[in-house]
1. List the trypsin sites (Lys or Arg not before Pro) within region 133-162 that fall in a DSSP loop (any state other than H, G, I, E or B) and whose Cβ has at most 14 other Cβ atoms within 10 Å.
2. Run the dipole for region 113-181 about the Cα centre, Lys and Arg Cβ at +1, Asp and Glu Cβ at -1, nothing else charged, and hand back the magnitude in debye, nearest 20.
3. Arrange 79, 44 by Cβ neighbour counts within 10 Å, fewest through most, would you?
4. Could you run the Karplus curve 6.51 cos²θ - 1.76 cosθ + 1.60 with θ = phi - 60° over region 83-91 and give me ³J(HN,Hα) per residue in whole Hz, x for Gly and Pro?
5. Name the lysines eligible as straight-distance cross-link partners of residue 42: C-alpha to C-alpha under 21 Å, and not fewer than 8 places from it in the same chain.
6. What does the extension gain come out to for residue 48 and residue 86, with contour length at 0.36 nm per residue minus their alpha carbon separation?
7. Under 8 Å for C-alpha pairs, at least 6 residues apart: give me the relative contact order for region 22-133, rounded to a whole percent.
8. Looking at 97, 47, 127, which one has the Cα that reaches farthest to the positive end of the dipole of region 3-141 (charges on Cβ: Lys, Arg +1; Asp, Glu -1)?
Amino acid sequence: MSFLNAYSLKKNLFEINGSKVILRAPQYGDWKAWAEQRKTNKKYLQPWEPLWTLYELERSSFVKRVRMFERLSLHDEAYSFLIFKRDMHEFIGEINISNVQRGVIQSCSIGYWISKDSVGKGMMSESLELAKSFIFNELKLHRIEAACLPHNEPSLKVLLKNGFIVEGTARKLLKINDKWQDHTVLSFITDDLNN
């Protein structure tokens, strides 16, 4: 069985372990912890994210989200991982691999968030390193693209720390907090693994 089929069919058993964090595909039972962490961090996350829907934290929305990523992973289009502290198995954030493209491009996009009280402790940095390993070693992709708001210093800092290279600015790339906003675009390619 290929890795991707094993991931898709047995994802509840699949974990990526680091020294500080564990990455695991979301499961229906994660809803309460996910919703509570999102609710607790709403003011912190709001400036960096699209506007939340009225039902953003409802179980039905979370179930739809899990099903969407299950479907996308079956088609090798996207993968979602929840981030847990390794020592206490406490849910602290999320990292998503999306827009997986094959053929001559072999690339994907990456997005993430982490709870405010976990910022600056190396957990997001390690999560990015684990995701990069998954992308290059398991998915066998060539390029990862990330984008962040130019004034989102913590996000920019963690990407640069993880070897991402600034490529430029994408004008009005995403509608964040109900406003079309420019984003700094960064990338990491397989060649960067040796630098």
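1. Answer in residue order: 140.
2. Approximately 220 debye in magnitude.
3. 44, 79
4. Per-residue couplings from phi come out as 10, 10, 5, 5, 6, 10, 6, 7, 6 Hz.
5. Partners found: 32, 64, 85, 116, 121, 175, 179.
6. Details: separation 38, 0.36 × 38 = 13.68 nm, distance 2.59 nm.
Additional length available on full extension: 11.1 nm.
7. On the way: 132 pairs, mean separation 29.3, N = 112.
Result for region 22-133 is 26 percent.
8. In region 3-141, that residue is 47.
FYI, it's all coordinate maths here, none of it is from the lab. None of these values were measured; they are calculated from a predicted model. All Cβ positions, even for glycine, are placed from backbone atoms using ideal geometry, and neighbour counts span all protein chains on display.
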